[in-house]
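All remarks here apply to the structure that follows.
All of the numbers you see were taken from the coordinates with simple rules; none came from a lab. Fair warning: this is a prediction, and the values are worked out from it, not measured in the lab. Don't worry about glycine lacking a Cβ; one is built from the backbone with ideal geometry, like all the others, and counts go over all protein chains shown.
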Amino acid sequence: MVENEKNEAGWLERRDDGAPWLYNGQWSDDIHHGLHVALTGESQWYYADYVGRTDLIGRSLAEGLAWQGEYMEHVGRHRGEPSTFLPASAFIAFQQNHDQIGNRPFGERPTVLASPAAISMWAAITLLSPQVPMLFMGEEWGTRQPFLFFSDVGEDLADPIREGRLKELEKFPHREGDVPPDPMAEATFNASKLDWNWGDNEDSKRQHWLYRRLLSVRRKDIVPRLAGMSGESGHYQLLSEKVVRVWWTLGDGSELSMVANVGTKSFEGVGVWGEDHLWLEGSASGDTLDGLSVVFSLKQSTS
């Protein structure tokens, strides 16, 4: 796996037999950033180019990369290469990882930044889409503990790391007077350790149960159909400013479809309860999908 911030799709090219020439896949920052902005409301730092762009959620889930050579205004450069030729398995979808939490001044997780409904919706998208899902420590039970930037090096490097960290965080707005934790302090490391006594917390138990059910559905209904899934298999359609439909042709010819409403208002005209219904996270009434809700359907191949 490769960290590929420039979205250079060539690193992920496949041979005729489907095996990668170089790398199996990359972390999909685009999927993360699009959903993070939509579900937390944040717009600062490198999130700025994703604000109001529900279409980028659809494009990254359908085609691999949201930016395929277009100019990013807040970054100030063109980014990415065409990626539709790559299979979904070339991209790793995630809600949390060490970068996106640890990069923040105070290591907040999405569970602190978004509502429980938004977190559950995000989990369903991550775990039921055909990309390779990745979970980060404690995510599966909804921990709210921070994951801070910490380091343990000799004194000759300690001050440069501190200075570099503070300079990087100048771009990230936070309250005046708030000082990020010292990355060299043992207390910073200890604050990032998980509290394993989560089993007594009802919210944590509900989240853990949700993740187990989602993974069970993925294992039973989706994973067996992924083998042989090629590029050009995903498509997306923006249904409204906050609603996007994505559908994929899986390796066995089945069609997996998702409609996600990342807004707070209900959206009419979604076939929620058809015979191909697979999963609803959130709520719906008839053909109306409520805000912060996502529905998946799976139409099996008849061939």
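Quick notes on this structure:
- Cα→Cβ-extended label distance, 7 Å offset, between SER43 and VAL223, nm: 4.1 nm
- The stretch 135-192: trypsin sites (Lys or Arg not before Pro) in DSSP coil with no more than 13 other Cβ atoms inside 10 Å: ARG175
- Taking 0.36 nm per residue of separation and subtracting the Cα-Cα distance, full extension of the segment from GLU8 to HIS208 would add 68.5 nm.
- Directionally averaged projected area (convex hull, Cα atoms, the chain), nm²: 17.6 nm²
- Percentage relative contact order, the stretch 180-275, counting C-alpha pairs under 8 Å, at least six apart: 15 percent
- Working note: 222 nm ellipticity from helices only, DSSP H runs with n ≥ 4, each -39,500 (n - 2.57), summed and divided by the residues of the chain, gives -7500 deg cm²/dmol to the nearest 500.
- Contact order relative to length of the stretch 52-125, as percent, for alpha carbon pairs under 8 angstrom and 6 or more apart: 19 percent
- In this structure, the pairs whose alpha-carbon distance is over 32 Å, taken from LYS167/LYS205; LYS6/LYS205; LYS6/LYS265; LYS171/LYS205; LYS205/LYS265; LYS167/LYS265, are LYS167/LYS205; LYS6/LYS205; LYS6/LYS265; LYS171/LYS205; LYS167/LYS265.
- Global form of the stretch 43-88, assessed from the alpha-carbon gyration tensor, a/c cut-off 1.5: oblate
- Shown is the FRET efficiency for MET72 and GLU232, computed with R0 = 25 Å from the Cβ-Cβ distance and rounded to the nearest 0.05: 0.50.
- Here, the stretch 48-198 is characterised by an Rg to Rh ratio of 1.00, where Rg is the alpha-carbon radius of gyration and Rh the Kirkwood radius.
- The stretch 106-140 versus the stretch 259-298: alpha-carbon centroid distance in Å: 19 Å
- Most to least packed among 276-285, 254-263, 178-187 [average Cβ atoms within 10 Å]: 254-263, 276-285, 178-187
- FRET E, pair ARG162, TRP273, Förster distance 35 Å, beta-carbon r, rounded to 0.05: 0.05
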